[in-house]
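Shown below is the structure under consideration.
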Amino acid sequence: MKTVFKFVGLIWAVSFLAFFVLFLYAETGGKIPPLAQEYVINFQKVLGSFLTSYWFFVVFIAFWLGVSYTLGKESGWQNLAKKYGKNKNEHPDENFQTGNGYIGKSRHNGILKVAASKKGLYLSVLFPFKFGHKNLFIPWQEISTITSESGLFSEKTPSFLKRMGRLVSSTEYLNIKLIQFPDQRLTIQSSEKLLGFIPKNIKK
């Protein structure tokens, strides 16, 4: 199924690119063959009909859910959910705070929600991205170490750029290492309330 979606996406991308190039060329005064003119006209009609039909909303929602699910899978969130899928009876002692962070190689800009209690760490995402992102509850005893750093960088960011970025960044982030998932990156935005819940036996 994934291969089918890639093939359909490739066909659509090539078709749209051909339309865009021909349309732009014609608009700038260039002459295109009659067959190409017919293609541009028919493509415009089909595109217009699609954008004004209910199929547009169906495709848009399906695309959105697909992106959200893929993000949850590739970041490792779904793998964590198998172990730390939040119990509905668990409730943090403070309200969730929304910020940035890295889950795996995926950067979550402004959609990552974090809270903590004496029992552990709670992670979720904003509602539009819920599909594929089950709420997580990670007990403190499942965490080996927590280290802090200034700035939020990808793993491929050169060291000198990280050093420069840290000089101008005032936002602190916590790098969390899990005992059972040592290779899983988990970087979340820090806060005074969050720091107050971290047990003293976890290195910070």
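What pairs come out if I take residues in segment 103-118 that are under 14 Å from residue 185 (Cα atoms) and pair them with residues that are not in a strand (DSSP E or B) whose C-beta lies under 6 Å away, six or more apart or interchain?
103/75; 103/77; 104/75; 104/76; 104/185; 106/71; 106/75
I've got another one for you. Within segment 51-70, identify whether any single residue is closer than 25 Å to residue 187 by Cβ, assigned to a loop (DSSP other than H, G, I, E, B) and in contact (Cβ under 8 Å) with a residue 40 or more places away in the chain, and answer yes or no.
No: zero hits.
Name the residue that is nearest to the chain's Cα centre (by Cα), counting only residues in segment 32-66 that are among the aromatic types (Phe, Trp, Tyr) and surrounded by 12 or more Cβ atoms within 10 Å (Cβ to Cβ).
Among those that are among the aromatic types (Phe, Trp, Tyr) and surrounded by 12 or more Cβ atoms within 10 Å (Cβ to Cβ), it is 64.
Which of the numbered conditions does residue 152 fail, given that it passes all the others? Conditions: (1) in the same structural domain as residue 182 (by TED's automatic domain parsing); (2) exposed (fewer than 14 other Cβ atoms within 10 Å of the Cβ).
Just one mismatch for residue 152, condition (2).
Which number in (1) loosely packed, with under 12 Cβ neighbours inside 10 Å; (2) of a type in the set (Val, Ile, Thr); (3) in contact with a Phe, Trp or Tyr (Cβ under 7 Å, 6 or more places away or on another chain) marks the one condition that residue 14 misses?
(3)
Within segment 129-148, how many residues turn out to be surrounded by fewer than 16 Cβ atoms within 10 Å (Cβ to Cβ) and either among the aromatic types (Phe, Trp, Tyr) or within 21 Å of the chain's Cα centre (by Cα) (or both)?
Here the count works out to 1.
Which of the residues that make up segment 116-128 are surrounded by fewer than 20 Cβ atoms within 10 Å (Cβ to Cβ) and of a type in the set (Phe, Trp, Tyr)?
Listed by number, the list holds a single entry, 127.
The values are calculated or read from the model by the stated rules, or taken from the named source; none is laboratory data. Just so it is clear, the structure is predicted and the values come from calculations on it, not from any experiment. Backbone-built Cβ (ideal geometry, glycine too); neighbour counts: all protein chains shown.
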